[in-house]
Every structure is written in structure tokens, then in C-alpha cells.
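S.K.: The structure is given below, and queries will be raised subsequently.
Each reported figure results from applying straightforward, stated rules to the coordinates on display, with no laboratory input. Everything numeric here is computed off the predicted structure, so don't read it as measured data. Note: ideal-geometry Cβ built from the backbone for every residue, glycine included; neighbour counts use all protein chains shown.
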Amino acid sequence: MQIVKTNLKDCFIFEPTIFGDNRGYFFESYNKAKFESLIGKSVNFIQDNEAFSNKGALRGLHFQQGEFAQAKLVRVTQGLVLDVAVDLRPDSETFLQHIAVELSADNKKQLFVPRGFAHGYIVLSDTAVFNYKCDNIYNKDSESGVIYNDKDLNINWKLKQDEFIISEKDKILPTIKTLYK
């Protein structure tokens, strides 16, 4: 497993070492000791989640606040998504900056999204299966988010707006300026 630093502090891309032959392939998708050695801190993932979505499904930008903030390790096991992380830590030198990375079943990359980040993705293939590890439990009262089309973030979601499939809840998320006035 190799780590790729992103332009965002504490947010990393992981590229696995893939062993292939005429039978197929094998790779280690997660190893706690290696993972923590690469990022330089301990993370205790306590829950795995999976989501199936159709092309154009845009989920996000979500985060949990306070004691229920979550770090996530995300990957795609079927299809292709554009995965986005936004640094919402006011004391960070990368505050309000974002990255967008394609995660797919083919490239097998993973993205580590630390606590204090908003996270979302859009499905670019016909369908996708999205998997993620969380280091904290979900708490409905702590959930929050940022509207996907916030002009101050200027995220290029790679699809046309009329192709987006967005939940009613995500359509009414606040802007960055509303959250940080």
C-alpha cells in the first residue's frame, strides 16, 4: 500500500499493491498497523457501511459535528465515483479547500477523510457500490452538511446538473457562508 498526499492537510489517497496472475488478483484493502503508520496517527474504525447508487446520484456534502465527528476511509468496489472532501477546520491552513478524486473498482484507490471534513460523491458510471469505514457512530442530531453547488467551493462534479439525482435533504443544505458567518 502506498500513500499519496493531497493538497489538503491530513487527507490522503491510498493506492494498494495489487498482485495479479492468470487466476485474477489479490490486494490488502486495509491493514490497521500499516494504515496508521502511513498517516502517523491512530484511527479506530468501528463501523463499515455500503451504498449502492445509480448514475448521477450525488450524496453530500455531509459531516457530523462535535463529539460525533467522523473520520472515513472510503473506496468503490463496483463502478466509478467522483469523491469530494472539503476541509472545514477553521484552524487548518487548508480551510475551505477541497479535493476531488476518482475512485473506482478498477483503480482500487481509497481516500482517507479526517474528522472536520465535509464529504460527498457523485456516481459517474451506470451504477456504483461505495464502501466506507467510520471511526464514530452515526448520530442524527449531529449531522450537518454544505450544499453541493456552493459557489464559494466551486466543485466541478463532472456531470451536467440535469443528470444529478439528489435527495430532498441534500437540496436544502446550507452554504459555507451560512455555516461560518
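S.K.: Which length gain, in nm to one decimal place, applies between Lys55 and Asp152 when the Cα-Cα distance is subtracted from 0.36 nm times their residue separation?
M.R.: Gain on stretching Lys55 to Asp152: 32.4 nm.
S.K.: Among residues other than Ala71 whose Cβ falls under 10 Å from its Cβ, what is the net charge (Lys/Arg +1, Asp/Glu -1)?
M.R.: Around Ala71, the charge tally is +2.
S.K.: Step through the table entries Lys109/Lys158; Lys41/Lys133; Lys108/Lys171; Lys55/Lys171; Lys9/Lys133; Lys109/Lys169, compare each Cα-Cα distance with 23 Å, and write down the pairs that go over it.
M.R.: Going by Cα-Cα distance, Lys108/Lys171; Lys109/Lys169 fall outside the 23 Å limit.
S.K.: Which residue, Gly56, Gly24, Asn44, has the largest displacement toward the positive end of the dipole of the stretch 5-60 when charges sit on each Cβ (Lys, Arg +1; Asp, Glu -1)?
M.R.: Gly56
S.K.: Taking the chain as a Gaussian network, Cα atoms linked when under 10 Å apart, which of Phe95, Phe130, Phe63 shows the biggest mean-square fluctuation?
M.R.: Greatest mean-square fluctuation among the candidates belongs to Phe95.
S.K.: Could you work out the helix-only [θ] at 222 nm for the chain, with each DSSP H run of four or more residues adding -39,500 (n - 2.57) and the total divided by the number of residues, to the nearest 500 deg cm²/dmol?
M.R.: After summing the helix terms and dividing by the residues of the chain, the value is -2000 deg cm²/dmol.
S.K.: Determine, from the Cβ-Cβ distance of Ile165 and Asp21 and an R0 of 35 Å, the FRET efficiency 1/(1 + (r/R0)^6), rounded to the nearest 0.05.
M.R.: Between Ile165 and Asp21 the formula returns 0.35.
S.K.: If the elastic network links every pair of Cα atoms under 10 Å, which of Thr127, Thr17, Thr94 fluctuates the most in the Gaussian network model of the chain?
M.R.: Maximum among the listed residues: Thr17.
S.K.: If neighbour count is taken as other Cβ atoms inside 10 Å, put Val123, Val43 in order from fewest to most.
M.R.: In order of increasing Cβ crowding within 10 Å: Val43, Val123.
S.K.: Which distance in nm do the two modelled labels at Asn44 and Asp106 give, with both placed 7 Å along the Cα-to-Cβ direction?
M.R.: Result for the modelled spin labels: 4.0 nm.
S.K.: How big is D, in µm² s⁻¹, for the stretch 120-181 by Stokes-Einstein at 10 °C and 1.306 mPa s if Rh is the Kirkwood radius over C-alpha pairs?
M.R.: Calculated translational D: 114 µm²/s.
S.K.: Using a Cα-Cα cut-off of under 12 Å, which aspartates and glutamates could be cross-linked to Lys181, ignoring same-chain neighbours fewer than 8 residues away?
M.R.: Correct list for Lys181: empty, as no aspartates and glutamates qualify.
S.K.: Taking the Cα atoms of the stretch 55-142, report the difference between the largest and smallest coordinate on each principal axis, in whole Å and largest first.
M.R.: So the extents along the principal axes, rounded to whole Å, are 36, 27, 20.
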